[in-house]
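Working notes, structure below.
The values are calculated or read from the model by the stated rules, or taken from the named source; none is laboratory data. Since this is a predicted model, take the numbers as computed values, not measurements. Positions of Cβ are backbone-derived with ideal geometry, glycine not excepted, and every protein chain shown enters the neighbour counts. In case anyone asks, the SASA skips ligands and DNA or RNA and just uses the protein heavy atoms, side chains included. Shrake-Rupley method; radii C 1.70, N 1.55, O 1.52, S 1.80 Å.
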Amino acid sequence: MCLAVPGRLISIEGDDPLTRQGRVDFGGVVKSVNLAYVPDAQEDDYVLVHVGFAITVVDPREAERVFEYLETLEQEMDESTTGGPAAR
Amino acid sequence: MKYRDEYRTPDAARAYADAIARITTRPWTLMEVCGGQTHAIVRFGIDQLLPESVSLIHGPGCPVCVTPIAYIDKALAIASLPGAILCTFGDMLRVPGTNSDLSAARARGADVRVVYSPLEALTVARENPGHEVVFFAVGFETTAPANAMAVYQAEREGLGNFSVLVSQVLVPPAVRSLLERPGNRIDGFLAAGHVCAITGYEEYELIARRHRVPIVVTGFEPLDILEGVYRCVRQLEHGESSVENQYSRAVSRPGNRMAQQVMEAVFQVVPRQWRGMGHIPESGLGLAPAYRSLDAETRFGAVRDENEHQGECLSGSVLRGETRPDQCPAFGTRCTPEHSLGVTMVSEEGACAAYFRYRRQAGGSTRE
Ligand code: SF4
C-alpha cells in the first residue's frame with residue numbers, strides 16, 4: 001500500500017498551494033496528481049506519486065549514487081583479489 | 001520506466017550480492033519492514049542471491065494486514081446503514097471481518113466504492129449531498145498526509161456529509177515493540193523508504209542508538225534492497241549501529257516538512273491495536289480535537305478493541321517475522337488467495353500472498 005511510482009511532471013495547473021495539480025507521465029500513462037506536498041516541484045522533474053499525491057521530488061544526482069557506490073565496491077574487490085593496494 | 005528499470009539490472013544485482021558475500025563472516029538476520037519490499041524480495045529472488053548466512057525476515061509493513069478486525073466490522077456496519085456510502089482503497093475489499101468482508105457487503109447491495117485517492121472520496125461526498133460518505137482511512141505515514149489533506153479540505157469546505165474512519169499506524173513504535181520482544185532474532189532493519197520520504201529518519205536514530213541495531217533507509221527496487229542489505233551487514237560486521245540512508249534520491253533526513261505540517265494539524269498520536277502485534281502505545285493516529293466532528297467514530301459509534309481469534313492461521317506470527325509464510329502448515333493447501341484463512345494471504349502486500357504468488361512452484365523453499 002505504500003507503493004509510490006516515479007513519473008515525469010509534464011505540466012502544472014492552479015495557484016492554490018493546497019490544490020495545485022500536475023499532469024504526470026508514467027511511461028506513457030498520464031495522470032493528474034496533487035502537488036501540495038512538493039511546492040518546489042517544476043516541470044520535467046520526476047516525482048514519486050502515492051494515492052494521487054506527489055510525496056517527493058526524485059533527486060537526479062542522488063539517483064546515480066547506487067551505481068557509483070557499487071563501482072567503488074567492485075574496485076575494492078578487484079584490488080584485494082589482484083593483490084592491489086587494498087590487500088596491503 | 002526511468003528511475004525503475006535501471007535499478008533492476010541482473011548484473012549489478014549479482015555484483016552487489018557478491019560484495020555482500022565477501023564481507024559476511026557470521027549469520028545475520030535482517031528485517032525489512034515494508035510489504036512492498038517483501039514483494040520485491042520474493043518476486044526478484046533477492047533472498048536467494050544472498051549468502052546462506054544472511055536471512056531476510058518480513059515485518060509488519062502492510063497496513064491492510066495490521067488493521068484490527070474491529071475496524072473492518074465497523075466499516076461493514078457503516079456500509080450497511082441506509083443511505084451511507086463507504087469509500088475505501090481497493091486493498092481493503094476482501095479483508096475479512098468477523099462475519100463478512102466489504103466485497104461481499106457490496107455484492108449484497110451496500111454502496112461500497114473503491115477510490116484510488118482519498119480526494120476521490122471528497123468528490124463522492126460533493127456529488128451525493130443527501131448521503132453520509134465515509135472514507136476508510138488506512139495507512140502508514142506514507143498515506144497519512146494524503147488522508148489528512150482530505151480531512152483538511154472537507155473541513156475547509158464545510159462538507160457536512162463527509163467523515164473518516166481512521167486506522168492509521170506508525171512504523172517506529174512497531175519497530176521498537178519488535179525489538180523489545182524477548183528472544184527476537186532481529187540484528188538489523190531495512191527501514192521503509194516511502195514512509196521515511198514523509199517522516200525523515202531522525203526518530204530511527206534514537207532507536208538505532210537505544211537498541212544497538214543498524215537501520216538502513218532503503219528503496220524498493222532490487223538494487224536498492226541489495227545496497228540496503230550490504231550497508232546493514234557491513235555495519236554489523238564492524239559492530240556499528242547507526243542509521244544510513246540508501247534511498248537518498250527520495251528521502252532526506254528531515255523528511256517532507258509540508259506533509260508533516262498537515263499531518264500534525266489534522267491528526268494526533270494515539271494508542272493503537274495492531275493485528276498480530278497487540279496493543280502498542282502511541283502507535284497510531286486519530287483525528288485531532290479540532291477535526292473530531294469529521295470522525296466516523298463520533299458519528300457512528302466508537303470502535304472497540306477486541307481480542308482476536310486467528311484459528312489455525314499464523315498471520316500474527318508472520319507479521320512479527322517469527323514464521324515464514326511457507327512454514328505455515330496451511331500455506332498453499334487450505335490457505336490460498338481464493339480461500340484464505342488470514343489477512344496476510346488476502347492482502348496484495350501480505351507476505352503470504354507474496355510467497356504464494358512467486359514461490360509456490362519452487363516447492364515452498366526459500367533457498368535454492
Ligand atoms: S498461509 Fe494462510 S493460514 Fe498460514 S499464516 Fe498465511 S494467511 Fe494464515
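Angle of helix A:65-81 to the longest C-alpha principal axis of chain A, folded into 0 to 90 degrees and rounded to 10: 10°.
Within the range B:315-360, what whole-number % of the accessible surface is contributed by carbon and sulfur, with the 1.4 Å probe and all protein chains included in the calculation? Display every interim value, and only then the final one.
Working: 850 of 1830 Å².
After summing per-atom areas, the C and S share lands at 46 percent.
Each Lys and Arg Cβ is given +1 and each Asp and Glu Cβ -1; about its Cα centre, the range B:315-360 then shows a dipole of about 140 debye. Contact with the other protein chains removes 50 Å² or more of accessible area, compared with the isolated chain and a 1.4 Å probe, from these residues of the range B:17-41: B:ARG22.
On a per residue basis, the range B:315-360 carries 40 Å² of accessible surface, using protein heavy atoms and a 1.4 Å probe.
Note the full-extension length gain between B:ARG126 and B:GLU155 as 0.36 nm times their separation in residues minus their Cα-Cα distance, in nm to one decimal. Let's see the in-between values first.
On the way: separation 29, 0.36 × 29 = 10.44 nm, distance 1.26 nm.
Working it through step by step, the gained length comes to 9.2 nm.
Annotation: the antiparallel percentage among DSSP beta bridges lying fully within the protein assembly as shown is about 45. For the range A:32-57, heavy-atom accessible area (probe 1.4 Å) falls by no less than 50 Å² from the chain alone to the full protein assembly at A:TYR37, A:TYR46, A:VAL51, A:PHE53, A:ILE55. Take the Cα of B:ARG26, step 7 Å along the line toward its Cβ, and report every residue of the range B:166-209 whose backbone nitrogen sits under 14 Å from that point. Flagged as within label range: B:186-188.
To test your reading of the geometry: what angle, between 0 and 90 degrees and rounded to tens, separates the Cα axis of helix B:202-211 from the longest principal axis of chain B? Rounded to the nearest ten degrees, it is 50. Applying the Karplus relation 6.51 cos²θ - 1.76 cosθ + 1.60 with θ = phi - 60° to the range B:8-15 yields 3J(HN,Hα) values of 10, 5, x, 4, 5, 4, 5, 4 Hz, where x marks Gly and Pro. Tilt of helix B:257-266 relative to the longest C-alpha principal axis of chain B, in degrees (0 to 90, nearest 10)? The angle comes out at about 40 degrees. With contacts taken as Cα pairs under 8 Å and at least 6 residues apart, the range B:167-227 reaches a relative contact order of 36 percent. Excluding ligands, DNA and RNA and using a 1.4 Å probe, chains B and A jointly bury around 3900 Å² of accessible surface, summed across both partners.
To the nearest whole percent, what portion of all C-alpha pairs in the protein assembly as shown is separated by more than 43 angstrom?
Numbers: 12580 of 103740 pairs.
Cα-Cα pairs in the protein assembly as shown separated by more than 43 Å: 12 percent.
Binning the C-alpha pair distances of the range B:1-109 at 5 Å intervals from 0 yields a P(r) profile of 2, 10, 15, 14, 12, 10, 8, 9, 8, 6, 3, 1, 0 %, listed from the shortest bin outward.
In terms of overall dimensions, the range B:315-360 has a Cα radius of gyration and Dmax of 9.0, 25 angstrom.
Using helices alone, what [θ] at 222 nm do you get for the protein assembly as shown, with -39,500 (n - 2.57) per DSSP H run of 4 or more residues, divided over all residues and rounded to the nearest 500?
Details: 19 runs with 169 residues, N = 456.
Computed mean residue ellipticity for the protein assembly as shown: -10500 deg cm²/dmol.
How high is the relative contact order of chain B? Use alpha-carbon pairs under 8 Å, at least six apart in sequence, and give a whole percent.
Working: 698 pairs, mean separation 78.2, N = 368.
In percent, rounded to a whole number, it is 21.
Grab the beta carbon distance between B:ARG181 and A:GLU68, set R0 = 51 Å, and tell me the FRET efficiency rounded to 0.05.
Details: r = 38 Å, r/R0 = 0.75.
For R0 = 51 Å, the calculated efficiency reads 0.85.
For the range B:113-153, accessible area lost to neighbouring protein chains reaches 50 Å² or more, against the chain alone with a 1.4 Å probe, at B:TYR116, B:THR142, B:MET149.
If you take every DSSP beta bridge fully contained in chain B, what fraction is antiparallel? Give it as a percent rounded to 5. Intermediate values should be presented prior to the final figure.
Details: 9 of 42 bridges.
Around 20 percent of the beta bridges assigned by DSSP in chain B are antiparallel ones.
The mean accessible area for residues of chain A, using a 1.4 Å probe and ignoring ligands and nucleic acids, is 51 Å² per residue.
Over the range A:1-54, the Kirkwood radius and the radius of gyration, each from Cα atoms, give a ratio Rg/Rh of 0.93.
Answer with one residue from B:PRO118, B:LEU294, B:GLN37: the one whose Cα lies farthest towards the positive end of the charge dipole of the protein assembly as shown, charges on Cβ with Lys, Arg +1 and Asp, Glu -1. Highest projection toward the positive end goes to B:LEU294.
Comparing A:LEU35, A:LEU70, A:LEU18 in a Gaussian network model of chain A (Cα springs below 10 Å), the most mobile by mean-square fluctuation is A:LEU70.
Computed over protein heavy atoms with a 1.4 Å probe, the accessible surface of the range B:167-257 works out to 33 Å² per residue.
Rg ratio for chain B: its Cα radius of gyration over 2.2 N^0.38 Å, N being its residue count, equals 0.99.
Using a 1.4 Å probe on the protein chains only, how many percent of the accessible area of the range B:33-151 belongs to carbon and sulfur? If you can, show how the numbers build up before the last one.
On the way: 1790 of 3510 Å².
Of all accessible area on the range B:33-151, carbon and sulfur atoms account for 51 percent.
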